[in-house]
Structure formats: C-alpha cells, structure tokens
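A.B. asks: Here it is, the structure, as structure tokens.
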Amino acid sequence: MTCVLLHHGAAKLALRPDIGGSVEGLWLGDLAILRSVAPGTLTSVKQSASYPFVPYSNRLAQAQLHWQGATYSLSPNFAPEPHAIHGVGWLGAWAVKQTEDDFAHLTYLHTADASTQNAWPFAFDAWQTFRLADNSLEMTVGMTNRSSHVAPAGLGWHPYFVKRSQSQLSFDAAGRWEMDAAKLPTTFSTSGGLRCSGTALDVDHCYDGWAGTVHLRDECVDVRVTSALKRLVVYTTPSHDSIAIEPVSHVNNAMNQANPFALGVQLLQPGQSYAASMTVEMHAL
C-alpha cells in the first residue's frame, strides 16, 4: 500500500498511486468534498474519489480502436460492458516522483501491449500533479507519445462529488450527445447545460462546448470546478450519493469517428506531449 497525504490549511488530500493513481479522499476540515474513505482503506479504483483518464476518456466501442486504416483490439475493462473505457492509466500503479506537504507528482509508464487488461497499442508515459491551497485543489494530467508512430490522445478525470439533500448543479454548454442503449453517443442536440437539483437528476451524457465552469452548491459547501477543456461528462442517478463531474478533452468514442479531431481527439507525433488541468475550489457554508 502506498498512501500519500497532502495538506494545506484546512484542505486535506489522500492519494493512492498504487490503485490507479487515484484520489482516496478530499476534505475541507472534516467535510468530504469528493466521496472519500479513510486514508489507507481504499481497495478498488472503482470506489475511489477520482481517477485519471489517459490516453482516452469514456468508451471505445466494442473494445476496438480504428486508427489510420488499422483496427486494434483492446480489452473490455468494465464488465459486463463489451467496450474499453477510460484508458489504461486507472488500471495500473503509478510511481511517486515527488512529494511535499501540499504537492505530489506521480508518473506512469505504458509499454505497447495488446494482450492485457491495460491494452493500448502505443507506448506512452504519463504524469499527474496535485497541488493544494487553502481552499482549492489543482490537478494536472499529461502524457508523452513514446511510440514510433503518430498516436491519438485524450485526457480527463473522473471525480465523484458528494451529493447532499440540497445539492444544486449548474453549468453552461452548447449541447449534449444523446446516448443509445449501449451507452455510446448518437446525435448531438442543442443544450444550454444544466441548472437543477442534483438529488433527482438522472443523467449520463457528454456535454460539448462546455463553458469551463461547474457550480455545485449544497447545505454544507460551495464548490466550483474549472478547466480549459471543452467537454464535460456528467453522471448520476437518484440512487447515487455522488455526482460524477468529468472534464474531458474529447467526446465519447471520438477516436472511432470519421472526424475525431473535430470531437477533441489530439494527434501526438512521436515524442510530443499533451496536458490538461482542472481546479476544484471549495468553501464551507
């Protein structure tokens, strides 16, 4: 077990590099901002407070990547779904490169492999940084293409914010992608975003043209999530005690679409890097 604890003022962060480079918990004083467990007790990345998306986010249909005239077979990793989902970084252990009281730097190395749960045909290395301030957490995730081929790339995060009885969610967007029964995007429809109560919300969609800010407020805390990324996946149901608010670089299954770059996929030359950041601001009420 490798648990890394950061603190700055009232803000506390627990990281689990050994479990997908994930966040175990984020607190402001004793108040949980993300769904959180006691430091050192997390056993599954699927139960974490947040984990990184690298080298793509959300689903690749039928666990296949269609890229530059070739088809690569990946590995379904979210049974019983047939798709590959959320990249491979969340499935492996990350190394601790640097830690300070309020800062951590993690790294991850992927060797091209098509035969494991962490299957991805292009070698890359990735990094994450976490920096706490009095009332904020800044996270970055990035990657460098270490293969000898041009490779597609995408990034993001899967943070689960605590949903309380008076949770109110709001953000602006240009539209959202409608989903089919297989949880894959179909058509784009105009949508101004969301302004609603989180308690009865039933949603699992990618919003495009996101304005870059999400406001989540309840009876205990006021939270703002910001990023320069232009897509946002929101997932919750009335029975969930959390709301997944996921800044992402590209639309779900974008790498398999006719024009992936218009949907946010990045093209990385050998040795080229790509990175993104998000900030969580939190104020107790």
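A.B. asks: Any residue in region 237-250 that's within 17 Å of residue 279 (Cβ to Cβ): show its pairings with residues that are polar (S, T, N, Q) and open to solvent by 60 Å² or more (accessible area, probe 1.4 Å) at Cβ separation under 9 Å, as long as the two are six or more apart or on different chains.
C.D. replies: Listed pairs, sorted by first residue: 249/266.
A.B. asks: As an exercise: evaluate residue 259 against (1) touching a strand residue (DSSP E or B) at 6+ places or on another chain (Cβ under 6 Å); (2) at pLDDT below 95 and give the number of the one condition it does not meet.
C.D. replies: It is condition (1) that residue 259 fails.
Residue-wise test of (1) over 23 Å from residue 46 (Cβ atoms); (2) under 16 Å from the mean Cα position of the chain (by Cα); (3) among the hydrophobic types (A, V, I, L, M, F, W, C).
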{"position": "76", "(1), (2), (3)": "no, no, no"}
{"position": "80", "(1), (2), (3)": "no, no, no"}
{"position": "88", "(1), (2), (3)": "no, yes, yes"}
{"position": "92", "(1), (2), (3)": "no, yes, no"}
{"position": "97", "(1), (2), (3)": "yes, no, no"}
{"position": "101", "(1), (2), (3)": "yes, no, no"}
{"position": "105", "(1), (2), (3)": "yes, no, no"}
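A.B. asks: Has region 123-141 got any residue that is polar (S, T, N, Q) and assigned to a loop (DSSP other than H, G, I, E, B)?
C.D. replies: Within region 123-141, one or more residues are polar (S, T, N, Q) and assigned to a loop (DSSP other than H, G, I, E, B).
A.B. asks: Please determine whether any residue of region 108-117 is in contact with a Lys or Arg (Cβ under 7 Å, 6 or more places away or on another chain), open to solvent by 30 Å² or more (accessible area, probe 1.4 Å) and closer than 21 Å to residue 58 by Cβ.
C.D. replies: No, there is no match, as no residue in region 108-117 is in contact with a Lys or Arg (Cβ under 7 Å, 6 or more places away or on another chain), open to solvent by 30 Å² or more (accessible area, probe 1.4 Å) and closer than 21 Å to residue 58 by Cβ.
A.B. asks: OK, next. May I ask you to list the residues in region 177-226 that are within 19 Å of the chain's Cα centre (by Cα), among the basic types (Lys, Arg) and either within 22 Å of residue 239 (Cα to Cα) or in a loop (DSSP other than H, G, I, E, B) (or both)?
C.D. replies: 183
A.B. asks: Would you check which residues across region 227-263 are under 12 Å from residue 161 (Cβ atoms) and either assigned to a loop (DSSP other than H, G, I, E, B) or open to solvent by 30 Å² or more (accessible area, probe 1.4 Å) (or both) and list them?
C.D. replies: Result: 235, 240, 241.
The values are calculated or read from the model by the stated rules, or taken from the named source; none is laboratory data. Note that the structure is a prediction, hence the values are computed from the model and not measured. Please note: Cβ atoms are built from the backbone with ideal geometry, for glycine as well, and neighbour counts cover all protein chains shown. When the accessible area is computed, the model is the full protein with side chains, heavy atoms only, and any ligands, DNA or RNA have been set aside. Shrake-Rupley method; radii C 1.70, N 1.55, O 1.52, S 1.80 Å.
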